[in-house]
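Below: the structure, in structure tokens.
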Amino acid sequence: LLSFIGLWYAFNAFFNVQNKLILNQFPYPWVVSWFQLASGLLFVLPMWFTKLRAPPKVDRSLVLKFLPIAALHCGGHGLQVSSMGAGSVFFTHVIKATEPVIGTLVLLAFTGKIAPWWVNACLTPIVGGVAYAAFKPGTSFPLSDLVGYASLAALGSTVAFSIAKLLAKSLMGKETKQKYNLTAPNNYAFLTICSTTLLLLPSALGEGGAALAAFQQMPDQLAFARQLVACGFLYYGYNEMGFRVLDLLSPVSAAVANSLKRVAILLAAVLFLGEQVSTRKIIGSSVAMGGVLLYSLAK
């Protein structure tokens, strides 16, 4: 279990670092997102074909169950990558710390259910911390960072992932998992196949021509292609490790592990990308992350 958690944190942190380095030289986030999803297939398909891992039992019914989840997953991933391309990795993940707030609103909108007041009270430091981190005193619109493209894309990504999680819980019950051999790794692998298929046409139509022209101008195309595939492996690896870890941990332990994961990403952004972080952002992000942990434990 500890090795899974270590790999989860490491893959996640280095994916975010490599993703930002790629976007700095190749600003086509939707094409990059598609390649990251597709790279995962280079890992999982050989595992299935060689029987190193028993494949899921796929039929039309399973595909139809997965399609809406996959659409939200690939959209959420594309928006997440777009956010990091437009802004800093650090601030993107500060914004994405609002996941419990978004998740609460999504649950209320789709099911009418709401957690007890003491649980929702823990959302206050999350909102306050994010607002404080984004606040720019002395400007005409102090919270302008919250309505910039990077922030809106990060929020859109969080909404998409929150709805996807809700759908996954309602569609993928214990009986479905047993019937289709949907182990934690197989679950994410099949989701990746569906997401890769759905994102191909939109990414090609939206950015394909410009991305191809930019790639052809690169001095070392092979090195960049290797970097792109390696980043995709990191993305696939951290998601598979996440599925494995969350499948093994209790809800409380999973909440703590997930909160610490985002802290690891913020540290990686500062240490490996050299992102400049103000005292205000450090305080605000710390308060927000503390709120995430409190909410997760209270829930």
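Condition check: more than 17 Å from the chain's Cα centre (by Cα) and either modelled with pLDDT under 95 or closer than 25 Å to H93 by Cα (or both). Does S162 satisfy that?
Considered against the rule, which asks whether it is more than 17 Å from the chain's Cα centre (by Cα) and either modelled with pLDDT under 95 or closer than 25 Å to H93 by Cα (or both), S162 comes out as no.
On the basis of being surrounded by 22 or more Cβ atoms within 10 Å (Cβ to Cβ), in a helix (DSSP H, G or I) and either at pLDDT 90 or above or among the β-branched types (V, I, T) (or both), does V94 make the cut?
So V94 passes the test.
Output yes when any residue across region 57-72 is assigned to a helix (DSSP H, G or I) and under 30 Å from V270 (Cα atoms), and no when none is.
Yes; the residues of region 57-72 include at least one that is assigned to a helix (DSSP H, G or I) and under 30 Å from V270 (Cα atoms).
Does N16 fit the bill of being of a type in the set (S, T, N, Q), part of a helix (DSSP H, G or I) and surrounded by fewer than 23 Cβ atoms within 10 Å (Cβ to Cβ)?
Taking the combined requirement at face value, the residue does not satisfy it.
Do any residues in region 30-45 that are over 9 Å from L228 (Cβ atoms) have Cβ atoms under 6 Å from those of residues that are surrounded by fewer than 20 Cβ atoms within 10 Å (Cβ to Cβ) and among the basic types (K, R), where the two are at least six apart or on different chains, and which pairs are they?
none
Could you list, in sequence order, the residues of region 58-93 that are touching a Phe, Trp or Tyr at 6+ places or on another chain (Cβ under 6 Å) and more than 14 Å from Y188 (Cα to Cα)?
G76, G78, A86
Name the single residue, out of those in region 103-128 being assigned to a loop (DSSP other than H, G, I, E, B) and more than 16 Å from V287 (Cα to Cα), that is modelled with the lowest pLDDT.
Checking each candidate, the answer is A115.
The values are calculated or read from the model by the stated rules, or taken from the named source; none is laboratory data. All figures in this text were calculated on a predicted structure; none of them were measured in a lab. All Cβ positions, even for glycine, are placed from backbone atoms using ideal geometry, and neighbour counts span all protein chains on display.
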